[in-house]
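Have a look at the structure below before the remarks.
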Amino acid sequence: MQGAPVNWKMMSRSLILGIESSCDETAAAVVERGARTLSSVVASQIGTHARYGGVVPELASREHLRNIVPVVRTALGVAGVGLGDLDAVAVTAGPGLAGALLVGITYAKALAFARDLPVIAVNHLEGHIHAVLLHERQEEKNSQDEQSLALVASGGHTHLYLAQPAHGTWTYRLIGRTLDDAAGEAYDKVAKLLGLGYPGGPWIDALAQFGDPHGVPFSFAQIKTKAHLAGKPPRTKAAKTAPIAELDPHFLFSFSGIKTAVLRYVELNGMRAGVKERIATMLAGARPPKTREEALALAPQGVLDLVASFQHAVVGDLLKKTFAAAETLGAKRVMVTGGVAANRELRRRFLEEGARRGVRTGFPTLALSTDNAAMIAAAAWPRFVAGEWAESALTADPSLALGR
Ligand code: KG4
Ligand code: ZN
């Protein structure tokens, strides 16, 4: 729905309340003019899902219902604003879990109706991209918008987009995607089979520092041009958000193979020992290890070498394809975002490669790498300026695609 374009320069603060509930975090944030985060509150459900080793959709919806009111209240309180100070409510419309999305959408609509505020619908993946832009704007580094190659790597997505600034807003072209598991999903599955904590990324990130990244030779075969795959939707739930498109096979990902390779390696090398004990430790609320001694108390050197090698291979694959796509498309900037962008080895290697190639490489802050609502409010800002309000019939779209 098109409203009258907002003359935001005339307005006092232009505050957007962002709401995010697409997966297992209930989040709310207040962001001023898409550039200054006044508050960003995230209620994580990790404790609820950890014992199942993955997100249980029904439990996620129930937790969102419990958390949404206090989370929004806290976000307003931390920002020091009241409902009357808001100019719009932005909410994640998809992709994500239907029941989870609906909690945020219904709450946003009710709040907006009661306060006569516009609702702005935001694509979760665009939100992740705006987490990088928000960080840059806040740092006032070089917030000049330029054509960028964006890698969104999270528990549900591994997508490459060409992001182009266009008249104050952004357009997106899908360049690559995973054909099966998302990168974060591979981290989570490998961590689960080794008895490491949930979500797996932070544990593997922490343990990998103490292992040999060349201890186990994992490799990614080049994905062949398969006529039957090109133009078809990907095979798993994780990648359903991608539209059917002809994509260059050089920019396609596949992470289910390495997960199986890790499983086979574990079985062949009798590395199952200690899995139950590790799971018990995690459920007792242990935090990822910080020192070699703590890491070795948790897992033998062989497991540390295995996770270091797994991570080295995954990061290498993400890096190779992202920079190849940037070069092919002439993008002078790379943005990496989504939960996996919190990874230390990934940040180090992407920054090194960017410097080597003269490609500006940016990430969100660590807190904004994983799901949050500040990125949703930031992504809504150009829409707010253009007066692009959601229809009153707005509902959850679990496989909402970004770009064409
Ligand atoms: O963006 P996000 O919070 O939720 C989705 O939209 O999926 O991403 C969560 C994913 C999980 O798979 C988690 O294991 C991964 O991000 N992750 C990491 C790290 N922190 C979170 N992966 C690698 N290294 C990390 N430090
Ligand atoms: Zn996400």
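The values are calculated or read from the model by the stated rules, or taken from the named source; none is laboratory data. Keep in mind the model is a prediction, meaning the values are calculated, not measured. Glycine gets a Cβ as well: all are built from the backbone with ideal geometry, and neighbour counts include every protein chain shown. Note: areas computed on protein heavy atoms with side chains; ligands, DNA, RNA excluded. Shrake-Rupley method; radii C 1.70, N 1.55, O 1.52, S 1.80 Å.
Cross-link check: pairs K109/K192; K192/K320; K189/K290; K290/K332; K276/K321; K189/K321 evaluated at a Cα-Cα cut-off of 31 Å; pairs beyond the cut-off: K109/K192; K290/K332; K276/K321.
For segment 274-285, putting each phi into the Karplus relation 6.51 cos²θ - 1.76 cosθ + 1.60 with θ = phi - 60° gives couplings of x, 4, 4, 5, 5, 4, 4, 4, 4, 5, 7, x Hz, in residue order, rounded to whole numbers and with x for Gly and Pro.
Value of Rg to Rh for the chain, rounded to two decimals, is 0.97; Kirkwood radius and Rg both from alpha-carbon coordinates. Just need the relative contact order of segment 300-377 here, percent rounded to a whole number, with Cα pairs under 8 Å and 6+ apart. Reported as a whole number, the value is 29 percent. For the chain, the solvent-accessible area with a 1.4 angstrom probe is 42 square angstrom per residue.
Built from the Cα atoms of segment 263-376, the convex hull projects on average onto 9.6 nm², one quarter of its surface area. Between the alpha-carbon centres of segment 117-159 and segment 160-192 there is a gap of 11 Å. This model, with +1 at the C-beta of Lys and Arg and -1 at the C-beta of Asp and Glu, gives segment 177-366 a dipole about its Cα centre of some 440 debye.
When I258, I279 are compared by accessible area at a 1.4 angstrom probe, the order from most to least is I279, I258. When the charge dipole of the chain is built from unit charges on Cβ atoms (+1 for Lys and Arg, -1 for Asp and Glu) and taken about the Cα centre, the candidate among G387, M335, A313 whose Cα reaches farthest toward its positive end is A313. Under the criterion of Cα pairs below 8 Å and six or more residues apart, the relative contact order for the chain equals 28 percent. Taking the accessible area of segment 104-219, probe 1.4 Å, and keeping the other protein chains in place, the carbon and sulfur fraction comes to 49%.
Evaluated over the Cα positions of segment 85-221, the convex hull gives a direction-averaged projected area, one quarter of its surface, of 12.3 nm². Only Cα pairs under 8 Å and 6+ residues apart enter the sum, and on that basis the relative contact order of segment 177-366 stands at 31 percent. Binned at 5 Å from 0, what are the whole-percent values of the Cα-Cα distance distribution for segment 1-142, short to long? The calculated distribution, bin by bin, is 2, 10, 18, 22, 21, 14, 8, 3, 1, 0, 0. Dividing the helix sum by the residues of the chain, where each DSSP H run of 4 or more adds -39500 (n - 2.57), gives a mean residue ellipticity at 222 nm of -13500 deg cm²/dmol. From the alpha carbon centroid of segment 250-280 to that of segment 75-103 is 38 Å.
Sorting check: for 347-360, 295-308, 124-137, 193-206, which peptide has the highest mean count of neighbouring beta carbons within 10 Å, and how do the rest follow?
Working: 347-360: 14.9, 295-308: 20.1, 124-137: 26.5, 193-206: 23.7.
Per-residue mean Cβ counts within 10 Å order the peptides as 124-137, 193-206, 295-308, 347-360.
Counting every alpha-carbon pair across segment 177-366, the share separated by more than 23 Å comes to 46%.
When the dipole is taken about the Cα centre of the chain, and only Lys, Arg (+1) and Asp, Glu (-1) are charged at their Cβ, what size is it in debye, to the nearest 20?
Details: 43 positive and 37 negative charges, 93 e Å.
The dipole of the chain has a size of about 440 debye.
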